[in-house]
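Have a look at the structure below before the remarks.
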Amino acid sequence: MLTQSADNSVMIQNRNSIPIVSIDELDSNNVLVNERFKQILLTGFFYLKIPDESYNEIKTLKLFIETFGKRDEVKNEKGLLEAGYINQKKSQAESFLAERGDWNYLEEKQIYPVGVANLANVMANLGSKILVKALNVLNIPRSKWSKLTGKLSDNKGWYILNCNNFKANKSGIGLGPHKDFGYVTLVYNEKEGLEAKIKGEWVPIPPKEGHFIVNFGDLFERAINDTTKLVAIEHQVVHQNQNRISAVLFLDGAMDEPVYKYNKETKKAEEIYSTHKEYLQAMVEGLWGDGDF
Ligand SMILES: [Fe+2]
């Protein structure tokens with residue numbers, strides 16, 4: 001259930017009030033469905049039903065995440081902004097990131113098990129549907145979509161699959177407080193730990209069986225440029241006493257494309273960063289200094 005607060009925004013009140021969206025609703029053009037989706041853009045987090053045909057691939061991906069930290073060939077793939085293995089120093093997460101152009105290659109090299117690339121593409125396509133639905137219900141002119149999303153609305157964005165294994169034997173926070181950088185994020189996890197900052201309070205966002213957790217990123221909030229319409233919510237993962245996995249698909253703009261914000265008065269897109277890469281570098285530096293989180 002969504003609640004209207006005093007300042008007219010729609011809030012997640014507690015762990016039981018996170019909205020659920022079906023894929024049919026994403027495809028629908030029904031006025032009531034669109035009105036509800038408009039409200040959901042302000043909650044910042046929602047659950048999305050996982051397609052039945054993806055369950056086996058999720059099991060495969062889960063097995064990869066539980067074991068990749070023990071494999072040297074995975075650990076030898078290093079990097080941060082492009083792809084690779086990172087053992088975070090300040091948090092419990094051990095991560096393996098890869099961009100869309102590398103998913104098939106990683107399967108061919110038998111680093112990813114077969115099925116992961118397809119699952120990542122399914123998640124990317126769902127994220128694109130969410131993006132387009134949001135732009136539609138917010139009445140952003142179609143001619144501005146490509147600029148405002150760094151070509152993500154043309155399926156030419158930057159797509160990253162991030163596999164996290166939170167290690168109980170590491171100290172510190174699970175994952176420090178942050179807003180996601182991009183436009184839309186889909187998360188699969190099975191254990192508690194994720195929290196969202198709502199009106200200054202950390203509210204648990206528990207996993208829901210058979211569902212992804214979806215949230216919006218900082219660039220989408222900047223692009224829409226109206227926090228009474230769409231918000232990116234700060235979140236964190238609290239310290240984990242048991243190992244915990246998550247699979248995260250980030251939808252970002254193409255790195256060489258400029259970053260724009262929408263001006264609702266002039267109905268024009270105004271440039272705020274000369275490239276997505278420049279924005280990303282500024283954010284990583286500002287948030288984590290040395291790039292470690
Ligand atoms: Fe995040």
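Things worth noting here:
- Filter pass, N169 being polar (S, T, N, Q), out of contact with any Leu (no Cβ under 8 Å at 6 or more places or on another chain), outside any strand (DSSP E or B) and away from the ligand (no atom under 15 Å from the Cβ): yes
- Of the helices (runs of 4 or more DSSP H) lying entirely inside segment 17-109, those carrying at least 2 residues that are polar (S, T, N, Q) and loosely packed, with under 14 Cβ neighbours inside 10 Å are 55-67.
- Scan of segment 122-149 for residues that are crowded, with 18+ Cβ neighbours inside 10 Å and in a loop (DSSP other than H, G, I, E, B), ordered by number: I140, T149
- Contact map, segment 101-115: residues that are within 15 Å of V74 (Cβ to Cβ) and of a type in the set (D, E) paired with residues that are at pLDDT 95 or above and part of a helix (DSSP H, G or I), Cβ distance under 6 Å, separation 6+ or inter-chain. Pairs shown: E107/A117.
- Qualifying residues in segment 208-259 (those that are of a type in the set (D, E) and assigned to a loop (DSSP other than H, G, I, E, B)) - the one farthest from the ligand (Cβ to nearest atom): D256
- Residue within segment 263-272 that is in contact with a strand residue (DSSP E or B) (Cβ under 6 Å, 6 or more places away or on another chain), among the β-branched types (V, I, T) and more than 16 Å from the ligand (Cβ to nearest atom) present: yes
- Within segment 209-235, residues that are within 11 Å of L138 (Cβ to Cβ) have Cβ atoms under 7 Å from residues that are of a type in the set (V, I, T) in these pairs: F220/V184; A223/T149; L230/I224, counting only partners at least 6 apart in sequence or on another chain.
The values are calculated or read from the model by the stated rules, or taken from the named source; none is laboratory data. In this text, all values refer to a predicted model and were calculated from it rather than measured experimentally. In this analysis, Cβ positions are derived from the backbone assuming ideal geometry, glycine residues included, and neighbour counts consider all displayed protein chains.
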